[in-house]
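The values are calculated or read from the model by the stated rules, or taken from the named source; none is laboratory data. Just so it is clear, the structure is predicted and the values come from calculations on it, not from any experiment. Using ideal geometry, Cβ is built from the backbone for each residue, glycine included, and neighbour counts are taken over all protein chains shown.
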Amino acid sequence: MARSWACSSVIAWRLSLYGLRRGEVLGLRWSDIDLRASTLTVNQARVLVEYQVRIEEPKSRNGKRTLPLDGELVAALATLCKRQLDESAGAGAAYRSGLAGLDWYQGGEYVITDQAGIPVHPEWYSDEFGRLLKRAGLRRITLHDSRHDPDADGARGVPISIISKWAGHYDSAFTQKTYVHASDEDLQRGQAALARIHKIV
């Protein structure tokens, strides 16, 4: 059973680095994934509210969105789906039997689960992310920090309207203010562009 959890955790980290919020990653169900079309749709989030797990609507009006997936992620999801089906067949009624005790559960088969097919707790996911960073010798960042990378430094040259839609923000002004930061290199490019306009160079 550990094989499916290893695959599930790798996909979870990839989705976080893809720019999804923690709750969006943990809220994904297989019905939200279209492997043939290579897309995922954010329909809900599984979040903590006063230490209780809850299902919520997307954070903003643009939070419900469909995103394209790269080939490697599609292949990894297909592998995980097969492993979970195999493990479910092997475990029989014991697989996902713990769902009955979860007061937040409203149905559906979740993508990111533990070895018994139970969706992982949000705090555990954050803690495990920190443990993996430490083992890899990388500096400590939060899951939300990882969301900033594709929305800012990793997306240089991408129009702000696309970054905003990808991130599920309510408008581009919020994305610009919160995520997009000009580097010294950006400023140098700006200076060169202005120089050309003014025919200085």
>> Just the residues that are more than 22 Å from L102 (Cβ to Cβ), modelled with pLDDT under 75 and either in a helix (DSSP H, G or I) or in contact with a Pro (Cβ under 8 Å, 6 or more places away or on another chain) (or both), please, taken from the range 132-149.
In response: H144, D145, S146, R147, H148, D149
>> Anything in the range 93-111 that is touching a helix residue (DSSP H, G or I) at 6+ places or on another chain (Cβ under 6 Å) and either surrounded by fewer than 17 Cβ atoms within 10 Å (Cβ to Cβ) or in a helix (DSSP H, G or I) (or both)? List them, or say none.
In response: E109
>> So if I check each of L85, L133, which one is of a type in the set (A, V, I, L, M), out of contact with any His (no Cβ under 8 Å at 6 or more places or on another chain), within 30 Å of E57 (Cβ to Cβ) and free of Cβ contacts under 8 Å to residues at least 12 places away in the same chain?
In response: L85
> In the range 112-131, what count of residues is obtained for those that are in a helix (DSSP H, G or I) and either among the charged types (D, E, K, R) or out of contact with any strand residue (DSSP E or B) (no Cβ under 9 Å at 6 or more places or on another chain) (or both)?
Replying inline: 9
> G90 versus (1) at pLDDT 95 or above; (2) surrounded by fewer than 17 Cβ atoms within 10 Å (Cβ to Cβ): which is the lone unmet condition?
Replying inline: (1)
> What number of residues in the range 115-128 are modelled with pLDDT under 90 and surrounded by fewer than 17 Cβ atoms within 10 Å (Cβ to Cβ)?
Replying inline: 5
> Within the range 8-15, is there a residue that is among the aromatic types (F, W, Y) and without any contact (Cβ under 8 Å) to a residue 24 or more places away in the chain?
Replying inline: no
